[in-house]
1. Would you mind stating whether A:VAL221 is within 16 Å of the chain's Cα centre (by Cα), within 9 Å of chain B (Cβ to nearest Cβ) and under 23 Å from B:HIS213 (Cα atoms)?
2. Please determine, by comparing only the residues of the stretch B:183-217 that are in contact with a Phe, Trp or Tyr (Cβ under 9 Å, 6 or more places away or on another chain) and open to solvent by 10 Å² or more (accessible area, probe 1.4 Å), which one is farthest from A:VAL155 (Cα to Cα).
3. From the list B:SER88, B:SER83, B:SER70, which residue is modelled with pLDDT of 95 or more, among the polar types (S, T, N, Q), open to solvent by 50 Å² or more (accessible area, probe 1.4 Å) and within 25 Å of B:ASP164 (Cβ to Cβ)?
4. Could you please find all residues in the stretch A:103-123 being surrounded by fewer than 23 Cβ atoms within 10 Å (Cβ to Cβ) and within 15 Å of the chain's Cα centre (by Cα)?
5. Would you pick out the residues in the stretch B:14-37 that are open to solvent by 70 Å² or more (accessible area, probe 1.4 Å) and in contact (Cβ under 8 Å) with a residue 40 or more places away in the chain?
6. Search the stretch B:19-51 for residues being in a helix (DSSP H, G or I) and either basic (Lys, Arg) or modelled with pLDDT under 95 (or both), and hand back the single one that is nearest to B:ALA76 (Cα to Cα).
7. So, of the residues in the stretch B:52-68 that are not aliphatic (A, V, I, L, M) and not in a helix (DSSP H, G or I), which turns out to be nearest to B:SER88 (Cα to Cα)?
Protein chains: 2
Amino acid sequence: MTEIRELTVGVLGGTGAQGKGLAIRWAKAGVKVVIGSRSAERAQLAAKEITETAGGEVTGTDNVECAASSDIVLVAVPWDGHSDLLASLRDQLAGKIVIDCVNPLGFDKQGPFALPVPEGSAAQQAEALLPESKVTAAFHHVSAVLLADLSIPQVDMDVLVLGDDREATDTVRELAELVPGFRGVYGGRLRNAHQVEAFTANLIAINRRYKTHAGLKITGV
Amino acid sequence: MTEIRELTVGVLGGTGAQGKGLAIRWAKAGVKVVIGSRSAERAQLAAKEITETAGGEVTGTDNVECAASSDIVLVAVPWDGHSDLLASLRDQLAGKIVIDCVNPLGFDKQGPFALPVPEGSAAQQAEALLPESKVTAAFHHVSAVLLADLSIPQVDMDVLVLGDDREATDTVRELAELVPGFRGVYGGRLRNAHQVEAFTANLIAINRRYKTHAGLKITGV
């Protein structure tokens, strides 16, 4: 297997909180990161901000170039634009490990809830749109606030990594464990991604009730 | 609020592994437990077995009498018989806290997966069938094997308790915490129960991969 630190990690939607939070931690761990955004300028600004915070080698470009120039790609875009973006990047993402961390959620007066997804989950939608990629699902529950705050040296939680390709899930688990405190735990096949995505609604409800940034740990592993 | 140890806890489907495991721990904690089953004889046998293992005050009867004679009722029946049983117990369960721990799962060659539920989740189906009860959802992820083995003094995991009635979820959290090692954590409204039930499929996948009895903990709470 390729040494994980030699891979270039692309972050589609890397100007958003979740993508940027992970990019900060990976940059700090010495991984080469490419921030992608609809606007190359905004991506470059985010990249500059990240290197100022965390050091490392971070560049910014548009989503197409980000996908094309990376070895492994995190999809961290809003659910709204998920299918259109991935459909447009099929060629650039062919043969690569794609990590989907998108949570299809709605909000109303009673708080967060899971949106229905025709394919079953965001990750399965990615799989349907990217038949030549190795699609995994991970990083759904990470707190962007905790990740972005480097005064917190480690974020103790488990990252559930789902997928049907063993080597791909192993690589994503390794990538997770570059973040101090993270443990990558295999979480099942991609067809069981819906509940992991939707569980983010429960974590948001927990955050509101307990005034915290909740995460998960798996006991017994 | 009523002192939790003074309540009688009914366990519908208490001859099954999950119900029996919890009954053992509650009996050991000094809670009065009524085991319910389709067959009163089998329920009485299970009750005898539980008191021989754990001591305490445990009786067995049919599901109707179990529901009628208990203050708070755990629904631990197979998903197959869930709706028919609850529809038949509407009167006996009126005004009571009902705890649904049922996981609608299927299994095939690729392992476990979540079954679609027209109402959204087993817990929401219970809510629809029991309009006069306070329906909560909890204890989905507890390992029956660990619970039944009293040589394991405590089972360290969090029990997510979902529901729309604050007092009911608080009571169920207290009931959870009678089991040494369990912590009751509010997990959101009932409409977010599906993913908690379905997540049991992921835990089973984790158990298979890591040869363990996995559970959950919520960090930051």
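The values are calculated or read from the model by the stated rules, or taken from the named source; none is laboratory data. All values reported here derive from a predicted model rather than from experimental measurement. A quick note on method: Cβ atoms are made from the backbone with ideal geometry, for glycine too, and the neighbour counts reach across all protein chains shown. Just so you know, the surface numbers come from the protein's heavy atoms only, side chains and all, with ligands and any DNA or RNA stripped out. Shrake-Rupley method; radii C 1.70, N 1.55, O 1.52, S 1.80 Å.
1. Details: within 16 Å of the chain's Cα centre (by Cα): no; within 9 Å of chain B (Cβ to nearest Cβ): yes; under 23 Å from B:HIS213 (Cα atoms): yes.
Answer is no for this residue.
2. For the stretch B:183-217, the residue satisfying everything is B:ARG191.
3. B:SER88
4. A:PRO104
5. Start the filter on the stretch B:14-37 by keeping residues that are open to solvent by 70 Å² or more (accessible area, probe 1.4 Å), which leaves B:17, B:28, B:32.
Answer for the stretch B:14-37, where residues must be open to solvent by 70 Å² or more (accessible area, probe 1.4 Å) and in contact (Cβ under 8 Å) with a residue 40 or more places away in the chain: B:ALA17, B:LYS28.
6. For the stretch B:19-51, the residue satisfying everything is B:LYS20.
7. So the first thing to find is which residues in the stretch B:52-68 are not aliphatic (A, V, I, L, M), and the list is B:52-53, B:55-57, B:59-63, B:65-66.
Restricting the remaining residues to those that are not in a helix (DSSP H, G or I) gives B:55-57, B:59-62.
Numbers: B:GLY55: 31, B:GLY56: 29, B:GLU57: 27, B:THR59: 21, B:GLY60: 19, B:THR61: 16, B:ASP62: 13 Å.
Among those residues, the one meeting the criterion is B:ASP62.
Every residue, every condition in (1) at pLDDT below 95; (2) hydroxyl-bearing (Ser, Thr, Tyr), yes or no:
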position: A:PRO153; (1), (2): yes, no
position: A:VAL159; (1), (2): no, no
position: A:THR171; (1), (2): no, yes
position: A:GLY187; (1), (2): no, no
position: A:PHE199; (1), (2): no, no
position: A:ASN202; (1), (2): no, no
